[in-house]
Amino acid sequence: MTERARARPGSGSLFGPYAGSVLLHLALFAVFGVGWLTWKRVTPPAAQVLAIDAVVVDPAAVPGLREPRREPAPAIAAPPPKVAPPVRDDVQERQRAEALQRAEDERRAAAERAADERRKAEAEAERKAEAERKAEAERKAEADRKAEAARKAEAARQRAEREADLRRGLEAEERARALSGAGAQWKDLIRAKIMSAWRRPPTARPGIECVVQVTQVPGGAVVAARILSCNGDAAVRQSIELAVMNASPLPPPPDPALFERNLEVVFKPND
């Protein structure tokens, strides 16, 4: 059974030694063909040069031949403006982000500057207000000191005035008492001198009492005598006025403050 299989024509045992060689040659031919086709496609064909035998003829020398119409040369269009290549989206996004960041930085810096200026203004306003408060307190304290000093001075002045008034009152009272006694003594001297100058008239009755006003000048000189009241007759009144005029000059007062220009003397002789 084994030998029959080996002797069968076309079996794998007869084609096996040549199969690898055939496949290798087929692969080489395929590679060569592909390379040749690629070279033919890339390499352009050589340009063919054709020779032309022609004679140049002047159109004016040939009758009836018109000069061909010459079309104006087409205007050369201006080159299109250069357009910047489109920026990639990531570059635009980065530039936009940078611009936003710069704007945000500038806004923050402006806000900080404004806040700093506001703080400075508030601090300056507070400093001025504090200085004004201190100045006002000092003015008030000074005004209070002056008012207290004025009050004390006024109280001292009033106390001094009261003491002076009291002292003057005491002195005046003492002086009045002294003058009263001295004045009474002085008037007694005047009355005695008038009595010594009186000449009793025959019609005078006992119990005569008259009040006479004596007008004198400094030095005691009598210038007038007038009966104010009297219980005697006319002869008695006339005798009393005459006695006053004859008693001039009157005795001087013991104190110049006691001098009176008009004196009221009670004339009452001793019966």
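The values are calculated or read from the model by the stated rules, or taken from the named source; none is laboratory data. All of these numbers come straight from a predicted model, not from anything done at the bench. No Cβ is skipped: glycine too gets one built from the backbone with ideal geometry, and neighbour counts run over all protein chains shown.
Below is a table of values for the structure above.
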{"quantity": "Extreme residue, nearest to Ala182 (Cα to Cα), among residues of the stretch 218-258 that are touching a Phe, Trp or Tyr at 6+ places or on another chain (Cβ under 7 Å) and assigned to a helix (DSSP H, G or I)", "calculated": "Leu258"}
{"quantity": "Every pair of residues 6+ apart whose Cβ atoms lie under 9 Å, when the first sits in the stretch 252-268 and is within 27 Å of Ser229 (Cβ to Cβ) while the second is among the acidic types (Asp, Glu) and surrounded by fewer than 13 Cβ atoms within 10 Å (Cβ to Cβ)", "calculated": "Val266/Glu209; Phe267/Glu209; Lys268/Glu209"}
{"quantity": "Filter result for Glu171 (free of Cβ contacts under 8 Å to residues at least 40 places away in the same chain and either in a loop (DSSP other than H, G, I, E, B) or more than 25 Å from Pro256 (Cβ to Cβ) (or both))", "calculated": "no"}
{"quantity": "Residue match in the stretch 259-270 (condition: more than 30 Å from Ala172 (Cβ to Cβ), at pLDDT 90 or above and part of a loop (DSSP other than H, G, I, E, B))", "calculated": "no"}
{"quantity": "The one condition in (1) closer than 30 Å to Arg175 by Cβ; (2) of a type in the set (Lys, Arg); (3) at pLDDT below 90 that Arg205 fails to fulfil", "calculated": "(1)"}
{"quantity": "Residues being part of a helix (DSSP H, G or I) and in contact with a Leu (Cβ under 7 Å, 6 or more places away or on another chain) - total across the stretch 188-215", "calculated": "2"}
{"quantity": "Residues of the stretch 224-244 classified as more than 19 Å from Lys193 (Cα to Cα) and in contact with a Ser or Thr (Cβ under 6 Å, 6 or more places away or on another chain), total", "calculated": "2"}
{"quantity": "Residue check for Pro253: buried (at least 16 other Cβ atoms within 10 Å of the Cβ) and not β-branched (Val, Ile, Thr)", "calculated": "yes"}
